[in-house]
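Take a look at the structure set out below.
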Amino acid sequence: MTKTELDNDEIVIATESVMNQIFNIRGQKVMLDFHLAALYEVENRILKQAVKRKQNRFPDDFMFQLTKDEWQELITICDNLPEGVKFSPATPFAFTEQGVAMLSSILNSERAVAVNIQIMRVFTRIRQMLTDNTELRLEIEKIKRSLDNQNKNIELVFQYLDELNDKIKRPPLLPDREMVGYKIGGKE
């Protein structure tokens, strides 16, 4: 179950459900209009009409409409898109985190505000995970550099040992002397 309502009218949406509806398009984390409409429990056309009436509240960094190519690519790679939406002639709107926050101000409903609060928490959690992930990557890179330096140092030690080994004068293993033993088939 993706959505439930508690006795105190606090709306709870599963974090995983919201995270599965966040896409990376044009280098931004966005949610699509039909997913947001479902969360707000309004028709998608109502959401789009409200946005179009207040277009000045949604600059390009808050919302943009997908191109046909972007929409086709998303349909190709996503298996959790609703069937009716896949075949719609209009491409959906994509809302960034700021655009989602702005939606609650134009929809004017308690549900929109409550849902937006939860969505903002999910976006914050994603940002925190990315930050943690970045810190982890930096630590791994630091360890790699350290190991690379150690490998170079070990190679240098072996190179010095080889050079030292070449410089040391060693006595021959057997001194020059007359062979001892029988001579077979040869002249004396």
### Query
Any chance the stretch 120-127 includes a residue that's surrounded by fewer than 10 Cβ atoms within 10 Å (Cβ to Cβ) and of a type outside the set (Ser, Thr, Tyr)?
no
### Message
Any residue in the stretch 123-139 that is within 17 Å of THR96 (Cα to Cα) sitting within a Cβ distance under 8 Å of a residue that is in a helix (DSSP H, G or I) and of a type outside the set (D, E, K, R)? List the pairs, counting only those 6 or more apart or interchain.
### Response
PHE123/VAL100; ARG125/THR15; ILE126/MET19
### Message
Given the criteria within 21 Å of VAL30 (Cα to Cα) and modelled with pLDDT under 75, does VAL85 qualify?
### Response
yes
### Task
Could you check how many residues of the stretch 51-69 are in contact (Cβ under 8 Å) with a residue 24 or more places away in the chain and either within 17 Å of ALA112 (Cβ to Cβ) or not in a strand (DSSP E or B) (or both)?
10
### Query
Out of curiosity, is VAL113 modelled with pLDDT under 80, closer than 18 Å to ARG45 by Cβ, β-branched (Val, Ile, Thr) and surrounded by 13 or more Cβ atoms within 10 Å (Cβ to Cβ)?
no
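Please state which one of ALA101, ALA94 is under 30 Å from GLN72 (Cβ atoms), among the aliphatic types (A, V, I, L, M), at pLDDT 80 or above and not in a helix (DSSP H, G or I).
On inspection, the qualifying residue turns out to be ALA94.
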### Task
For GLU73, indicate whether it is at pLDDT 85 or above and farther than 24 Å from THR124 by Cβ.
yes
### Summary
Per the list (1) at pLDDT 80 or above; (2) more than 19 Å from the chain's Cα centre (by Cα), residue check on ASN108 breaks on (1)
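The values are calculated or read from the model by the stated rules, or taken from the named source; none is laboratory data. Just so we're clear, the structure is a prediction, and the values are computed from it rather than from any experiment. Heads up, the Cβs are rebuilt from the backbone with ideal geometry, glycines too, and the neighbour counts pull from every protein chain shown.
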